[in-house]
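Sharing a structure here in structure tokens format.
The values are calculated or read from the model by the stated rules, or taken from the named source; none is laboratory data. Only a predicted model underlies this, so the values are computations on that prediction, with no experimental measurement involved. Cβ: placed from backbone, ideal geometry, glycine included. Neighbour counts: every protein chain shown. When the accessible area is computed, the model is the full protein with side chains, heavy atoms only, and any ligands, DNA or RNA have been set aside. Shrake-Rupley method; radii C 1.70, N 1.55, O 1.52, S 1.80 Å.
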Amino acid sequence: MKEHSKEFNDIAEFKKASFSFREYQKRHNIIRKDFELLLKITEENINDSEKFNTLYRASLKGILSLIESGIFGLNEIDKYKDYKDNDCFQDKFKKTFKQICKTWGKDEIFKKYLDSKYGNLKKIKGKRDKLIHPKNSKDIIIATKVEFDILKNVFYDYTSMIHSLMDNFFIEMEFKDTNEIIDSFKK
């Protein structure tokens, strides 16, 4: 077994995890590229307050879409104990990445993220929640360059952590004999 690997003994579980991993990567890359373009367009409209505010609010929604899709995808590969998709965001986020980092031997990456970057993600999540469920007109956020820079940093910090986690990230199947390998391809 490789150092940063999860090993499966059951071919069905291995196939499911392999499929889930590919789907996670596809979704992540599509949403990430969309979000990068949204950030670029938002930045290009920083001097047009109406467009900038609209695009900033769309960005608040978009970043959580990327992260929540990631949480779901990683739990398809290696669920934390008693995982429920409707758990609160903070619990799912922390438990998901603790589980993934524990399995793949990358605890230090997530600890570093929690210690220095997670606070800004929590703030962005709170702003997004107010925007999604506004109780008054103040919840319809007016963007500033400073707020936009924080949002961009949350995105770059999160994607940096994900790329560090995915470096040398393997899923393996343990076969007992050659016949087991041949039989697995017949199914």
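Search the range 16-31 for residues being hydrophobic (A, V, I, L, M, F, W, C) and either touching a Pro at 6+ places or on another chain (Cβ under 8 Å) or touching a residue at least 60 places away in the same chain (Cβ under 8 Å) (or both), and hand back the single one that is farthest from PHE169 (Cα to Cα).
From the range 16-31, those hydrophobic (A, V, I, L, M, F, W, C) are 17, 19, 21, 30-31; that's our starting set.
Remaining after also requiring either touching a Pro at 6+ places or on another chain (Cβ under 8 Å) or touching a residue at least 60 places away in the same chain (Cβ under 8 Å) (or both): 17, 21.
Working: ALA17: 13, PHE21: 10 Å.
Here the answer is ALA17.
Taking the range 129-146, which residues are touching a residue at least 40 places away in the same chain (Cβ under 8 Å) and surrounded by fewer than 16 Cβ atoms within 10 Å (Cβ to Cβ)?
Within the range 129-146, the subset touching a residue at least 40 places away in the same chain (Cβ under 8 Å) is 131-132, 140-143, 145.
Of everything in the range 129-146, those that are touching a residue at least 40 places away in the same chain (Cβ under 8 Å) and surrounded by fewer than 16 Cβ atoms within 10 Å (Cβ to Cβ) turn out to be ILE132, ILE140, ILE142, LYS145.
Which of the following residues is in contact with a helix residue (DSSP H, G or I) (Cβ under 9 Å, 6 or more places away or on another chain) and open to solvent by less than 80 Å² (accessible area, probe 1.4 Å): GLY70, GLY119, GLY126? Steps first, answer last, please.
Numbers: GLY119 fails: in contact with a helix residue (DSSP H, G or I) (Cβ under 9 Å, 6 or more places away or on another chain); GLY126 fails: in contact with a helix residue (DSSP H, G or I) (Cβ under 9 Å, 6 or more places away or on another chain).
Going through GLY70, GLY119, GLY126 in turn, the sole match is GLY70.
Picking from ASP85, ASP157, which residue would you name as being in a loop (DSSP other than H, G, I, E, B) and closer than 22 Å to ILE30 by Cα? It would help to see each step written out before you state the result.
Working: ASP157 fails: in a loop (DSSP other than H, G, I, E, B).
Exactly one of ASP85, ASP157 is in a loop (DSSP other than H, G, I, E, B) and closer than 22 Å to ILE30 by Cα, namely ASP85.
While we're looking at this one, here's another question. Could we say that LEU37 is out of contact with any helix residue (DSSP H, G or I) (no Cβ under 8 Å at 6 or more places or on another chain), among the hydrophobic types (A, V, I, L, M, F, W, C) and under 26 Å from ASP167 (Cβ atoms) here?
On the way: out of contact with any helix residue (DSSP H, G or I) (no Cβ under 8 Å at 6 or more places or on another chain): yes; among the hydrophobic types (A, V, I, L, M, F, W, C): yes; under 26 Å from ASP167 (Cβ atoms): yes.
Judged against the criteria, LEU37 is a match.
Inspect all residues belonging to the range 102-116 and state whether any of them is under 17 Å from the mean Cα position of the chain (by Cα), modelled with pLDDT of 90 or more and within 23 Å of ILE41 (Cα to Cα).
Taking every residue of the range 102-116 in turn, none turns out to be under 17 Å from the mean Cα position of the chain (by Cα), modelled with pLDDT of 90 or more and within 23 Å of ILE41 (Cα to Cα).
Scan the range 62-78 and tell me whether some residue there is more than 25 Å from ARG22 (Cβ to Cβ) and either hydroxyl-bearing (Ser, Thr, Tyr) or touching a residue at least 12 places away in the same chain (Cβ under 8 Å) (or both).
Of the residues in the range 62-78, the ones more than 25 Å from ARG22 (Cβ to Cβ) are none.
No, the range 62-78 has no match at all.
Considering only the range 42-75, how many residues are part of a helix (DSSP H, G or I) and under 23 Å from ASP139 (Cα atoms)?
The first filter runs over the range 42-75 and keeps only residues part of a helix (DSSP H, G or I), leaving 42-44, 49-75.
Then keep just the ones that are under 23 Å from ASP139 (Cα atoms); that gives 42-43, 49-68.
Here the count works out to 22.
If only one of LYS130, LYS92, LYS122 is assigned to a helix (DSSP H, G or I) and modelled with pLDDT under 95, which one is it? First the steps, then the outcome.
Details: LYS92 fails: modelled with pLDDT under 95; LYS122 fails: modelled with pLDDT under 95.
Answer to the selection: LYS130.
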